[in-house]
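Readers should treat all values here as calculations from the given coordinates under stated rules, not as data from a laboratory. The structure displayed is predicted, hence computed values, not measured ones. Quick reminder, even Gly has a Cβ in these numbers, built from the backbone with ideal geometry, and neighbours come from all protein chains shown.
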Amino acid sequence: MGFTVFFTVLSGVITFVIGQLIVKLLLDPVQDMRKTIGLISHTLVERANVISNPGVPEKEVMDETSDELRRLSSQLHAHLYLVPCYDTTSRVFRLPSKYKLLAASSALIGLSNSVYRADDRVYESNAKRVEQVSDRCETGVE
């Protein structure tokens, strides 16, 4: 009878530990990536006036926007390393592919660099970059 109680408690502890490992090593990073993708969408809408009118807002506003876009790009890169076995995990959890995330990250850096320029056609290239980021951050299997 003593062994039965011991093995019951041991199996419960092992189940709990395995569950916590799955949550901390797999589910939390996936959830964090989804939050970052949501933040990117939010930022593109919230900062659309700066992105669509480069060089027009005050320098402080352009600096904030540039820094925020660059930070979000960096977070996308970080998620590629934080989510284990990304290629497989992305299919299971319907996350954007590695290629799409890298393209979106690159477009975010482009936007970050172009909020200062007021060239003739920069607003058009910014609109294309916003579309690229939105398309690449869509979830789902390719």
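Things worth noting here:
- Length released on extending from residue 18 to residue 56, taking residue separation times 0.36 nm less the Cα-Cα span: 8.3 nm
- Ranked packing of 27-40, 62-75, most packed first, by mean Cβ within 10 Å: 62-75, 27-40
- Helices in the chain that qualify as membrane-span-like (whole DSSP H runs, Cα extent of at least 27 Å along the helix axis, mean Kyte-Doolittle hydropathy of -1.0 or higher) are 2-22, 59-82.
- Each semi-axis of the equivalent ellipsoid for the chain is √(5λ) with λ an eigenvalue of the Cα gyration tensor; in descending order they amount to 43, 15, 9 Å.
- A simple charge model with +1 on the Cβ of Lys and Arg, -1 on the Cβ of Asp and Glu and nothing else charged puts the dipole of segment 28-81 at about 220 debye relative to its Cα centre.
- Taking all Cα-Cα distances within segment 1-51, those exceeding 12 Å account for 73%.
- Sequence-distant aspartates and glutamates (8 or more away, or on other chains) whose Cα lies within less than 17 Å of residue 98: 32, 87, 135, 138, 142
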